[in-house]
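Written below as structure tokens is the structure these notes are about.
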Amino acid sequence: MTIIGGGHNGLVAACYLAKNGLKTLVLERREVVGGGAVTEEIHPGFRVSALDHVAGPFSAQVAADLNLSQFGLEMIVPQARVLALSADGGSVCIYNDVARTVSEIEKVSGKDAKSYPEFVNSFARIGRVLAPLISMTPPSIDEPTAADLWHLGKVGLAFRGLGKKDEYRLLRWGPMAVADLVSEWFDTELLRAVVAARGIYGAFAGPWSAGTSLGLLWQAAQDGSALGSASCAKGGMGALSTALANAAKAAGAEIRTRAGVSTIVGAEGDSPKVVLENGEEIESRVVVSNADPRTTFLDLVDPIDLDPNFLSKMRNYRAPGAAAKINLALSGLPEFRGVNGSDPKSKLGGRIHIGPEIDYLERAFDASKYGEFSTEPYLDITIPSIGDPSLAPDGKHVMSIHVQFAPYKLNGDWRTRRDEFGKNVIGLLENYAPGLRELILAQQVITPLDLEQTYGLSGGHIHHGEQSLDQFFTFRPLIGWAQYRTPLKRLYLCGAGTHPGGGLTGLPGSNAAREIARDFKARKV
Ligand SMILES: Cc1cc2nc3c(=O)[nH]c(=O)nc-3n(C[C@H](O)[C@H](O)[C@H](O)COP(=O)(O)OP(=O)(O)OC[C@H]3O[C@@H](n4cnc5c(N)ncnc54)[C@H](O)[C@@H]3O)c2cc1C
């Protein structure tokens with residue numbers, strides 16, 4: 001069994017498959033495993049999660065199955081999920097604790113404070129109904145098996161148990177624009193914006209785009225909250241990948257880095273092999289690709305091996321990158337306007353949201369439609385050294401800034417516009433954290449082009465493809481091919497381009513491994 005790519009999903013799949021007694025080899029093109037989950041030193045003594053800065057959250061079931069704590073994984077769960085800021089010093093902090101959040105919201109709106117607990121409870125109830133979907137294999141549309149029907153039936157029963165109000169909400173929200181959804185719950189613009197942001201995270205969409213509420217529902221399915229987690233690994237996200245790699249090796253898998261695959265050959269027959277960039281050929285019974293679907297089918301497989309209809313659908317698979325990353329090494333903790341009091345660190349320990357209004361977020365998206373990065377982007381920031389001082393020298397910090405919108409298809413060239421882009425983001429942040437610029441010791445700017453060229457994400461898309469209704473569940477990556485199998489009998493997919501999609505959850509990898517092991521057992525491969 002050869003797994004192309006040592007991203008966290010490739011490693012999760014390797015762990016499960018090796019535990020099943022299958023001889024497993026992981027081939028990673030970079031010098032490190034982890035894909036999006038890597039820690040990099042950006043300045044001597046300053047380490048940061050280069051790409052992903054919070055976990056999806058990572059599936060508790062997968063962590064337990066693979067005993068990841070024994071392999072050194074320690075997760076940090078800050079009390080604050082997200083602190084939303086406006087440039088005039090206004091703020092709303094959303095904590096894991098509902099009562100604490102209500103008293104925060106009361107400072108800006110008594111009405112919104114009253115609505116918040118029901119908002120939380122409704123998403124928690126709906127999340128519980130949707131949760132089984134994320135760890136199941138999407139059913140076959142044409143020939144659903146008895147198991148498919150059984151699983152769906154259970155979800156259907158749970159749905160009926162929701163009660164009329166939540167049933168109606170669930171059916172109605174999926175296709176809705178997230179801007180509409182939040183305006184039904186809250187009056188405060190800053191609160192609306194921070195909630196809506198989850199619906200457009202990583203997407204080529206603005207809050208007024210149809211179907212963006214889906215992001216909130218899917219988030220709730222993962223951890224019961226619409227708001228997105230703030231949990232991260234001690235040592236940065238690379239520590240999660242190290243734990244997974246060690247678990248995979250302990251289970252018997254072999255991992256090779258600097259082993260980029262250039263071609264997959266013969267996967268339609270009985271003796272597939274991969275050809276490495278250095279010309280080496282490796283035969284195996286089955287090939288599993290953790291690379292995104294476009295890379296897998298449009299770059300690694302010879303088009304002659306694929307049905308033209310499948311190929312044309314794959315060419316239409318949407319993966320327009322819209323995000324970039326800036327990481328900073330800082331000589332001290334920045335002071336944010338309006339965030340003071342006795343313990344500002346507790347508010348700054350989760351994610352920090354910049355994007356104070358729905359229209360601001362929409363305008364930030366508008367720019368990318370016309371090939372420009374936004375001059376006032378939506379930012380999702382963490383300062384992980386607050387909760388994990390091992391990441392920076394004493395008293396110093398690292399800051400991780402997720403930037404939207406930054407389109408892969410830019411007017412001009414990302415290589416020549418990188419500095420302009422970085423300066424613009426820091427300039428914007430100065431309005432929220434005056435004096436930030438003086439604290440910067442070093443900065444790393446990762447453009448969508450870097451996401452493609454360095455990190456192997458086709459089109460720079462952070463989730464291996466849009467997570468919209470047309471590329472979701474039984475449609476991910478394509479209708480008819482959502483069960484981790486592909487038109488080539490001995491080629492499987494296991495990455496974020498498969499159900500349940502992007503984010504550090506480990507679920508595409510574990511779901512794919514289950515299907516592959518099943519086919520082995522049934523001697524289908
Ligand atoms: C900037 C950015 C920020 C993000 N922030 C978050 C976040 O905060 N929280 C979150 O949950 N998710 C976040 N994500 C999304 C998350 O990174 C992905 O959903 C996740 O990494 C997908 O994991 P994966 O294992 O499926 O794929 P990847 O992590 O992309 O791994 C795929 C691996 O395959 C390798 N590969 C590709 N082609 C080949 C080849 N030909 N030969 C050998 N190896 C190959 C790649 O080098 C890579 O290591 C972010 C992503 C980006 C880019």
Hey, Leu391 within 16 Å of the ligand (Cβ to nearest atom), touching a residue at least 24 places away in the same chain (Cβ under 8 Å), farther than 29 Å from Asp180 by Cα and touching a strand residue (DSSP E or B) at 6+ places or on another chain (Cβ under 9 Å) or not: yes
Residues satisfying the stated conditions in the range 268-290, i.e. under 23 Å from Cys15 (Cβ atoms) and part of a loop (DSSP other than H, G, I, E, B): Pro272, Ser284, Arg285, Val286, Asn290
Tally, over the range 319-350, of residues that are among the charged types (D, E, K, R) and under 20 Å from Val445 (Cβ atoms): 1
Residue count, the range 424-455 (criterion: out of contact with any Ser or Thr (no Cβ under 7 Å at 6 or more places or on another chain) and not in a strand (DSSP E or B)): 22
Condition met for Trp150 (of a type outside the set (D, E, K, R) and closer than 30 Å to Lys107 by Cα): no
All strands (runs of 3 or more DSSP E) inside the range 1-84 with 3 or more residues being more than 14 Å from the ligand (Cβ to nearest atom), modelled with pLDDT under 95 and under 30 Å from Ile282 (Cα atoms): none
Test: Ala329 is at pLDDT 95 or above, within 16 Å of the ligand (Cβ to nearest atom) and among the small types (Gly, Ala, Ser): no
Matching entry among Ile401, Ile383 (being aliphatic (A, V, I, L, M), within 16 Å of the ligand (Cβ to nearest atom), over 17 Å from the mean Cα position of the chain (by Cα) and surrounded by 15 or more Cβ atoms within 10 Å (Cβ to Cβ)): Ile383
Qualifying positions in the range 350-375 - touching a strand residue (DSSP E or B) at 6+ places or on another chain (Cβ under 9 Å) and without any contact (Cβ under 8 Å) to a residue 60 or more places away in the chain: Phe373, Ser374
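So that you can scan it fast, the table gives a plain yes or no per residue for (1) surrounded by fewer than 19 Cβ atoms within 10 Å (Cβ to Cβ); (2) of a type outside the set (Asp, Glu); (3) touching a residue at least 12 places away in the same chain (Cβ under 8 Å); (4) closer than 20 Å to Gly215 by Cβ:
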| position | (1), (2), (3), (4) |
| --- | --- |
| Gly72 | yes, yes, yes, no |
| Val77 | yes, yes, yes, no |
| Gly90 | yes, yes, yes, no |
| Asp97 | yes, no, yes, no |
| Val108 | yes, yes, yes, no |
| Lys111 | yes, yes, yes, no |
| Pro132 | yes, yes, yes, yes |
| Glu143 | yes, no, no, no |
| Ala147 | yes, yes, no, no |
All positions within the range 258-267 that are assigned to a loop (DSSP other than H, G, I, E, B), more than 9 Å from the ligand (Cβ to nearest atom) and at negative phi: Ala267
Counted residues, the range 439-469 - those being more than 14 Å from the ligand (Cβ to nearest atom) and either within 18 Å of the chain's Cα centre (by Cα) or closer than 19 Å to Leu410 by Cα (or both): 2
Scope the range 501-525; condition in contact with a Ser or Thr (Cβ under 8 Å, 6 or more places away or on another chain) and either more than 9 Å from the ligand (Cβ to nearest atom) or not in a loop (DSSP other than H, G, I, E, B) (or both); matching residues: Leu507, Pro508, Ser510, Asn511, Ala512, Arg514, Glu515
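The values are calculated or read from the model by the stated rules, or taken from the named source; none is laboratory data. Just so it is clear, the model here is predicted, and its values are computed rather than measured. FYI the Cβ positions are ideal-geometry reconstructions off the backbone, even for glycines, and counts take in every protein chain you see.
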